[in-house]
Amino acid sequence: MLSVANQLIHRPILASIDTKAFRHNLNRIRELAPESKIWSVIKAKGYGHTLNAALQGLDLTDGFALLDIADAQWLRDHGWQGRILLLEGLFHEAELEQADQLQCDLVVHCEKQVQWLESYKGKSGHEFNVFLKLNSGMNRLGFKPAQYRTAFHRLHASSYRMHHMTHFANADQVDRSPSVGEQMECFNDVTEGLHAPSSLANSAAILWHRNALGDWIRPGIMLYGVSPTGTFADIVRSDLQAVMQLRSQIIAIQELKKGDHVGYGGRYQAPEDMRIGVIACGYADGYPRHAQDGTPVWIEDAGEDKQGVICPLAGQVSMDMITVDLRDAPHAKVGSMVELWGKVIPVDDVAQMSGTIGYELICALAPRVPVEIK
Ligand SMILES: *Cc1c(COP(=O)(O)O)cnc(C)c1O
């Protein structure tokens, strides 16, 4: 039986978060970008790993970058005294005072946010670190090149501590527009002569564009040991470790006759007499409903030699269960431990079989799954 903090969990599913892997990945990022400071990006509750685990595993970061001011509050309440960056800045003017109290650094990406800061400055005299965002071609957030310098001068005149920031659209791909090179050229042109620290690189740029880092890098997905491209092979030599392991157990075994069908829609049909394992994990736990037959599932101690075996998903994912083909797992039994993703099965591989990327699966770990921080 799995347990969390000595409390038995009766439905045998558990996500384990490995704080040593967090520490390892952060060190690895320091090796890749020794000159840069690190904003550890922990939006979406640390990409589904929980803020608590992120704070424990990433306590040696230079700062945390996130979206919700409530999460900044949580970090302060739990003792984080380092820097915090609100990655999209303020959503409402009313948040300014709290952001100030919490000593958050602010991204400023639009005219409204500039105005809020100009008038706030008038009242309080407090200083924020501002990361002014340039839209260098991604066309999501940020000032257009023609407006950027004016915004910079206005905030500078209000004596905010200025930084330049932009975000890459294609640091994980070649032959896509805009390229990192094009965005860097735009960035360098627009910021020329405006002396301020910069923040440029996401994980993909840290891995593959070491000339586009900036003074503050913003790694997200690589902290969690998941690939920025969606393909695990792309990071297999980068010495990153998976932080989240999602495990459960086989809760039933069905003996099928050749031609029998499995699950909703009968998508899988037994090609011969065989065993099917039923595992306590479904789409309501965050397992992707679009996973195709053949998606890898690791069953511990199930092989001829009592080694783990990777078994293929067989049949439609349901809300609370999946079914797997046990033909290669003669020792699999009710109670066998199963890894859905983590150390043996990269979450990227499960994602790829489901038409998505690892980012989405880890962020979508369901609230009903208990989390153990190791
Ligand atoms: C999410 C995010 C990142 C981190 O991106 P990864 O691809 O996960 O490394 C960096 N910068 C900004 C602005 C983001 O929104």
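The values are calculated or read from the model by the stated rules, or taken from the named source; none is laboratory data. These figures come from a predicted structure and were not determined experimentally. Note that each Cβ is placed from the backbone with ideal geometry, even for glycine, and that neighbours are counted across all protein chains shown. Surface areas here come from the heavy atoms of the whole protein model, side chains and all, with no ligands, DNA or RNA. Shrake-Rupley method; radii C 1.70, N 1.55, O 1.52, S 1.80 Å.
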Handout entry: Residues being small (Gly, Ala, Ser) and within 15 Å of the chain's Cα centre (by Cα) - total across segment 47-104
Key = 5
Practice task
Return only the number of the condition from (1) over 11 Å from GLY277 (Cα atoms); (2) part of a loop (DSSP other than H, G, I, E, B); (3) of a type in the set (A, V, I, L, M) that ALA332 does not satisfy.
Solution key: (1)
Exercise for the section: Of all residues in segment 213-237, count the ones that are away from the ligand (no atom under 13 Å from the Cβ) and under 19 Å from VAL41 (Cα atoms). Expected result: 1
Completion exercise
Okay, helices (runs of 4 or more DSSP H) sitting entirely in segment 15-108 with 3 or more residues that are in contact (Cβ under 8 Å) with a residue 24 or more places away in the chain and open to solvent by 40 Å² or more (accessible area, probe 1.4 Å), I get 19-32, 43-47
Problem - Matching residues, segment 165-179, being more than 13 Å from the ligand (Cβ to nearest atom) and either open to solvent by less than 50 Å² (accessible area, probe 1.4 Å) or under 20 Å from PHE131 (Cα atoms) (or both) - result: PRO178, SER179
Problem - Evaluation of GLY282 against (1) open to solvent by less than 10 Å² (accessible area, probe 1.4 Å); (2) in contact with a His (Cβ under 7 Å, 6 or more places away or on another chain) (one fails), failing number - result: (2)
Practice task
Could you tell me which residue of segment 197-212 is farthest from the ligand (Cβ to nearest atom), considering only residues that are surrounded by fewer than 19 Cβ atoms within 10 Å (Cβ to Cβ) and free of Cβ contacts under 8 Å to residues at least 60 places away in the same chain?
Solution key: ASN211
Handout entry: Selected residue [touching a Gly at 6+ places or on another chain (Cβ under 6 Å), at pLDDT 95 or above and surrounded by 22 or more Cβ atoms within 10 Å (Cβ to Cβ)] from THR323, THR295
Key = THR323
